[in-house]
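Quick note: the coordinates plus some simple rules give every number you see, no bench work behind them. For clarity, every value in this text was computed on a predicted model and none was experimentally measured. As a convention, Cβ positions derive from the backbone with ideal geometry for all residues, glycine included, and neighbour counts pool all protein chains shown.
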Amino acid sequence: MIAPRRRLLVATGSAHKLIELQRLFGDLTIDLVTLRDLGITDEAPEDGTTFEENALQKARWYAEASSEWTLADDSGLEVVALNGAPGVYTRRYAGPNATDVQNYEKLLSETSGVTDRSARFVCTMALIDPVNGSERTFRGECPGALTAAPRGEFGFGYDPIFEVDGRTMAERAPAEKDALSHRGRAAALVAAALRSELEQTR
Ligand code: IMP
């Protein structure tokens, strides 16, 4: 008898992140389901002090709500000259309902005249199996630097002001971003863990 395909809830409310995650997990023999597919509209709390805490908090909450294998992520930008800020406040940097442009304009203004522009993007993914209760986290980092002004049309969030090797993430095609990005790196670790789990349960 053929075993049923496993399902994984990709628990994010961000349409941009969802598109990236669907692309990054595209070759896994697993059915990805979204919060919208399951009719989950409530938002998980997110008040941890680290990316790991936030990713776990979101994954636990959505695993409980769905009883599905659940993956949640938390990500943000750490700027060396700002002692790691905005960190877990990256999404709310210019206020609770700030747009991407308002957020990165604020960061450019806070770092105007700063010569050390080193920064890194961090992504932590938390994977929870609600059946056996296992919880795992995976971390991807992408070192780079802040630009002085936005450049490029691709991507989302802070992509227009974050550069690696002289080109911003928004100046790179999606596949090129995936190969370099914090989310691409964390997703590669998750994909390897999922592949080995799928092998064992086949
Ligand atoms: P959260 O992980 O949904 O809390 O989002 C954290 C913040 O980081 C948001 O402002 C995102 O726009 C930003 N962010 C996360 N990943 C990326 C990325 O790949 N490129 C640009 N900005 C990102």
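General observations
- Relative contact order computed over the stretch 6-200 (Cα-Cα under 8 Å; 6+ residues apart), in percent: 19 percent
- Net charge dipole size for the stretch 33-112 [Lys, Arg +1 and Asp, Glu -1 on Cβ; Debye, nearest 20]: 160 debye
- Listed residue (Thr70, Ala98, Ser112) projecting farthest to the positive dipole end of the chain, Cβ model: Thr70
- Residue with peak Gaussian network fluctuation, the chain [Cα springs, cutoff 10 Å], from Asp159, Asp73, Asp42: Asp42
- By the beta-carbon count within 10 Å of each Cβ, the least crowded to most crowded order of Phe138, Phe51, fewest first, is Phe138, Phe51.
- Positive-end ranking of Ala193, Phe138, Asn83 along the dipole of the chain, with charges on Cβ about the Cα centre, is headed by Ala193.
- Whole-Hz ³J(HN,Hα) from phi, Karplus 6.51 cos²θ - 1.76 cosθ + 1.60, for the stretch 39-44, glycine and proline x: x, 8, 10, 5, 9, 5
- Leu71, Leu18, Leu107 arranged by Cβ crowding within 10 Å, fewest neighbours leading: Leu18, Leu107, Leu71
- For Glu68, the shell of other residues with beta-carbons less than 12 Å away shows a net charge of -2, using +1 for Lys and Arg and -1 for Asp and Glu.
- Pairwise FRET efficiency - Arg23 versus Ser134, Cβ, R0 = 30 Å, nearest 0.05: 0.70
- Straight-line cross-link reach from Lys177 at under 16 Å between alpha-carbon atoms covers these lysines, not counting any fewer than eight positions away in the same chain: Lys17.
- The modelled label-to-label distance for the pair Phe156/Ala175, using points 7 Å beyond Cα in the direction of Cβ, is 2.2 nm.
- Prolate is the label for the chain. Its Cα gyration tensor axes, ordered a ≥ b ≥ c, give a/c of at least 1.5 and a/b above b/c.
- Shown in residue order for the stretch 143-158 are the 3J(HN,Hα) couplings computed by the Karplus curve 6.51 cos²θ - 1.76 cosθ + 1.60 at θ = phi - 60°: x, x, 8, 7, 7, 8, 8, x, 9, x, 10, 7, x, 7, x, 8 Hz (x for Gly and Pro).
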